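Participant: The structure is given below, and queries will be raised subsequently.
The values are calculated or read from the model by the stated rules, or taken from the named source; none is laboratory data. Owing to the predicted nature of the structure, the values given are computational and were not obtained by experimental measurement. Quick reminder, even Gly has a Cβ in these numbers, built from the backbone with ideal geometry, and neighbours come from all protein chains shown. Heads up: the accessible areas ignore ligands, DNA and RNA and are worked out on the full protein's heavy atoms, side chains in. Shrake-Rupley method; radii C 1.70, N 1.55, O 1.52, S 1.80 Å.
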Amino acid sequence: MKGRGADRDRIRVMYTGVRAAPTGSPDDVRRSVRSELNIPEEIPVIVFAGRICEQKRPALLADILGAARDQGMVFQALVIGEGELKTQLRDLLERRQLTDRVRLLDAVPHRRWLEILAASDILLLPSRYEGISIALQESMAAGVVPVAARVGGQDEIVAPDAGILLPQGNDELREYVEALRRLTSDPAERRRMSKQCQAFAASRLSWEGMIGRFLALLDEAHELRVRNPRAPIGLGLGRELAALAVEYKRLGEAVDWLWNARSPSDAAGAAPVNG
């Protein structure tokens, strides 16, 4: 924004708040979900959640988990979500004989996702790009330690003592595997990082805190308008901006219609359009 000419003194950052964990004792929820999924308490659980698409790099996800298994690490991985590359990911897991270590689950309701987080230990998110992942924020609030890509604004919320962020590059597969080794082999380190995640989330990422900050920023914006007003937008520019807004809305609705109108056979490719 500053690079596009905005006044840096009027720029504020507000992080998305995440909702509370499921009701009940986190330990009870953890035991219940692990019992349901037949996962022993001592086994570290690695979780991924998101759309299974090119952005999330599911092939790299399979490579990381395969290499971790090949190096003797003990874990259970849960992959939650749908997407156009889910069939490809399933084929990769079968080819690597990882189906006993990695369970592909469907998309789940938000409450169920929070319950699964309570039963998990490590979030694995090797995305090609993100802003700041909501799954990452919710994982930290639940004390699930992130091992994620250093992309977008993720390093604004993941401190070195609260997770591991890795840059993209030729050596990232080895670095992801080493990060998983560090966390799966050292429960004490994992617990320490888990507490740091929860402490940060409670102070900076709470739902209630987001609402309070949003209201405070609205008050500040009003005060700035009164005390230090900026030049008003002229009629010509106002009309141009309104026309752009209407056009963006029209295009958004058209794209949504094309996406929803796709037949199942089109799921792996582009939606057909009649010219």
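Participant: Quick check on my filter: what residues within region 150-162 are of a type in the set (A, V, I, L, M) and either in contact with a Phe, Trp or Tyr (Cβ under 8 Å, 6 or more places away or on another chain) or part of a helix (DSSP H, G or I) (or both)?
Facilitator: V151, I157, A159, A162
Participant: Continuing with this model, one more query. Given the structure, is V147 β-branched (V, I, T), out of contact with any Asp or Glu (no Cβ under 8 Å at 6 or more places or on another chain) and assigned to a helix (DSSP H, G or I)?
Facilitator: No.
Let's see how each residue does on (1) buried (at least 20 other Cβ atoms within 10 Å of the Cβ); (2) closer than 19 Å to A135 by Cα:
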{"residue": "G3", "(1), (2)": "no, no"}
{"residue": "R8", "(1), (2)": "no, no"}
{"residue": "Y15", "(1), (2)": "no, yes"}
{"residue": "D27", "(1), (2)": "no, no"}
{"residue": "V47", "(1), (2)": "yes, yes"}
{"residue": "K56", "(1), (2)": "yes, yes"}
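Participant: Mind listing just one residue for me: the one in region 227-244 that is surrounded by fewer than 10 Cβ atoms within 10 Å (Cβ to Cβ) and among the aliphatic types (A, V, I, L, M) and, of those, farthest from the chain's Cα centre (by Cα)?
Facilitator: L235
Participant: Still on this structure: Inspect all residues belonging to region 173-183 and state whether any of them is of a type in the set (K, R) and open to solvent by less than 50 Å² (accessible area, probe 1.4 Å).
Facilitator: No, region 173-183 contains no residue that is of a type in the set (K, R) and open to solvent by less than 50 Å² (accessible area, probe 1.4 Å).
Participant: While we're on this one: For region 186-199, check the following and say yes or no: at least one residue is in contact with a strand residue (DSSP E or B) (Cβ under 7 Å, 6 or more places away or on another chain) and in a loop (DSSP other than H, G, I, E, B).
Facilitator: No.
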